[in-house]
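Take a look at the structure set out below.
The values are calculated or read from the model by the stated rules, or taken from the named source; none is laboratory data. Just so you know, these numbers come straight off a predicted model, no measurement behind them. When we count neighbours, we look across all protein chains shown, and the Cβ atoms used for this are built from the backbone with ideal geometry, even at glycine. Side chains included, ligands, DNA and RNA excluded: accessible areas come from the protein's heavy atoms. Shrake-Rupley method; radii C 1.70, N 1.55, O 1.52, S 1.80 Å.
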Amino acid sequence: MRLPNKIFSFEESVLSKFSAVLSTLEKEPLSVKALYFAVKSKTEDISELLELLDCLYALGRIRYDEETRTLHYVN
């Protein structure tokens with residue numbers, strides 16, 4: 001996971017991309033695939049998106065609904 005440090009600036013870190021994912025999920029719940037295509041221009045690849053989702057899930061900002069297989073924004 002890329003965190004801001006001497007090598008990576010804040011803009012290159014995963015923290016800077018939290019808002020793109022959260023603002024997209026705030027509008028409507030999406031599958032992982034649909035979310036990837038929605039934020040594809042703001043992330044480098046699918047592995048970076050998975051890192052973002054791991055962090056946001058651990059922070060309690062998103063949840064995964066297994067029944068509908070969608071990601072949801074958590075207030």
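Return the residues of the stretch 23-38 that are surrounded by fewer than 16 Cβ atoms within 10 Å (Cβ to Cβ) and either in contact with a Lys or Arg (Cβ under 7 Å, 6 or more places away or on another chain) or not β-branched (Val, Ile, Thr) (or both); say none if nothing qualifies.
Of the stretch 23-38, the ones surrounded by fewer than 16 Cβ atoms within 10 Å (Cβ to Cβ) are 23, 26-28, 31-34, 37.
If the condition is that a residue be surrounded by fewer than 16 Cβ atoms within 10 Å (Cβ to Cβ) and either in contact with a Lys or Arg (Cβ under 7 Å, 6 or more places away or on another chain) or not β-branched (Val, Ile, Thr) (or both), then Ser23, Glu26, Lys27, Glu28, Ser31, Lys33, Ala34, Phe37 are the ones that fit.
Working only within the stretch 39-69, note down all residues that are of a type in the set (A, V, I, L, M), under 18 Å from Glu11 (Cα atoms) and open to solvent by 60 Å² or more (accessible area, probe 1.4 Å). So that I can check it myself, show each step before the final result.
Let us first name the residues in the stretch 39-69 that are of a type in the set (A, V, I, L, M), namely 39, 46, 49-50, 52-53, 56, 58-59, 62.
Okay, now just the ones that are also under 18 Å from Glu11 (Cα atoms), so 39, 46, 49-50, 52-53, 56.
Of everything in the stretch 39-69, those that are of a type in the set (A, V, I, L, M), under 18 Å from Glu11 (Cα atoms) and open to solvent by 60 Å² or more (accessible area, probe 1.4 Å) turn out to be Ile46, Leu50.
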